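The values are calculated or read from the model by the stated rules, or taken from the named source; none is laboratory data. These numbers were taken from a predicted model, which means no experiment stands behind them. Don't worry about glycine lacking a Cβ; one is built from the backbone with ideal geometry, like all the others, and counts go over all protein chains shown.
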Amino acid sequence: MMNEAIMRFTEQFDWQPHVENATHFNTYKNYIVCGMGGSALAPWLIKYYGAQSGSLMFHREYGLPIIAEDALKESLIILSSYSGDTEEVLDSAREAIERGFSIAMLTKGGRLLKLAQDHNLPYVLIPDMGLEPRMAIGLSMLGIARLMQNIELEDSIRAAGKTIDPAASRDEGQRIAEKLRSKIPLIYSSAANLPLAYIWKIKCNESAKIPAFYNAFPELCHNELSGFDITDSTRALSANIHAIFLEDDTDHPRIQKRMQIASQIFGEKGVPVEHVNLLGEASSVGRLGFEKAFYTALLADWVSLELAQYYHVPDAETPLIADFKRRMAE
């Protein structure tokens, strides 16, 4: 199932989103995307890698961001929930409706769709391709770009998605996964590539069902690095860590040097490091922007799929999260 979802990745970019209730649509100065989990990945990638993304912010919380009232009035608030039943997003939607702000929905169904239909609000209905939210970043990104009315952005997302060969990173993913067996992945990137480190983390969490953590240079050099000043009494705490450095030739030279030195220190402390070049192998064409993001996300998919098979994880769904949501609803 997950293998098929990875191989069908480029099919997401055939979709042409349609805005229902578009008569209520205007032009907006700013865009705020409210979303959680997999639904929060799309705005993050757009903001970091979309040259034509405009003024975009994302909100991963209850309610609305604490910003000036005038800024909220000048914004289109996009409520993004793949399932349509995300508690935090529904809370944001209700507050936005109550306060009379301009809003639109992006969803596959659920209560968010009903809310949009009941209030005659603009919405884009995501097609059901049998994907988990974290696997549907192409659909989510195209939907957000359409709600932003940014055709240039939408075209760049679609073009990048169609250039990717999902199978190209499978062997690399399997090789990395073998090194991560019985280890806790610690994923590091530059701050400029933080969304990609986060994608690796959540795919390890949700697909392989293992703990995984992430952080960014240069901040981690000022605190987290000290956690690896290993002594005999702390050695067991670090024994199961395997670091993954997401390296980018376009990163600031001082960031690249920080990664090199941190890697040396990790080696001296007995913590293995896997170096992943975000621009691909030296023999391949360098990857930029959305293409780099999609390539890296698919590599993380192959790694987490291989780990899921190693750990005999039964499926790509997230039953523990579903159980958590059920308890919250009680």
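Summary of values
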| read-out | value |
| --- | --- |
| Hey, Asp301 out of contact with any strand residue (DSSP E or B) (no Cβ under 7 Å at 6 or more places or on another chain), surrounded by 12 or more Cβ atoms within 10 Å (Cβ to Cβ), acidic (Asp, Glu) and in contact (Cβ under 8 Å) with a residue 60 or more places away in the chain or not | yes |
| Ile32, sole failed condition from (1) part of a helix (DSSP H, G or I); (2) surrounded by 16 or more Cβ atoms within 10 Å (Cβ to Cβ) | (1) |
| Single residue of segment 208-237 satisfying the filter (more than 27 Å from the chain's Cα centre (by Cα) and part of a helix (DSSP H, G or I)) that is farthest from His312 (Cα to Cα) | Ser226 |
| Boolean, Arg134 is assigned to a helix (DSSP H, G or I) and modelled with pLDDT under 95 | yes |
| Qualifying position, being assigned to a helix (DSSP H, G or I) and touching a strand residue (DSSP E or B) at 6+ places or on another chain (Cβ under 8 Å), among Ser169, Ser156, Ser140 | Ser140 |
| Residue check, Ala93 in contact with a helix residue (DSSP H, G or I) (Cβ under 8 Å, 6 or more places away or on another chain), of a type in the set (Gly, Ala, Ser), more than 14 Å from Gln16 (Cα to Cα) and part of a helix (DSSP H, G or I) | yes |
| Hits in segment 172-193 - residues which are in contact (Cβ under 8 Å) with a residue 12 or more places away in the chain, surrounded by fewer than 19 Cβ atoms within 10 Å (Cβ to Cβ) and either among the aromatic types (Phe, Trp, Tyr) or in a helix (DSSP H, G or I) (or both) | Glu172, Gln174, Glu178, Lys179, Ala191, Ala192 |
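Yes/no matrix, rows are residues, columns are (1) among the β-branched types (Val, Ile, Thr); (2) within 22 Å of Leu298 (Cα to Cα); (3) in contact with a helix residue (DSSP H, G or I) (Cβ under 6 Å, 6 or more places away or on another chain); (4) outside the structural domain of Lys203 (by TED's automatic domain parsing):
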position	(1), (2), (3), (4)
Glu11	no, yes, no, yes
His18	no, no, no, yes
Ala22	no, no, no, yes
Phe25	no, no, no, yes
Tyr31	no, no, no, yes
Gly38	no, yes, yes, yes
Ala42	no, yes, yes, yes
Lys47	no, yes, no, yes
Phe58	no, no, yes, yes
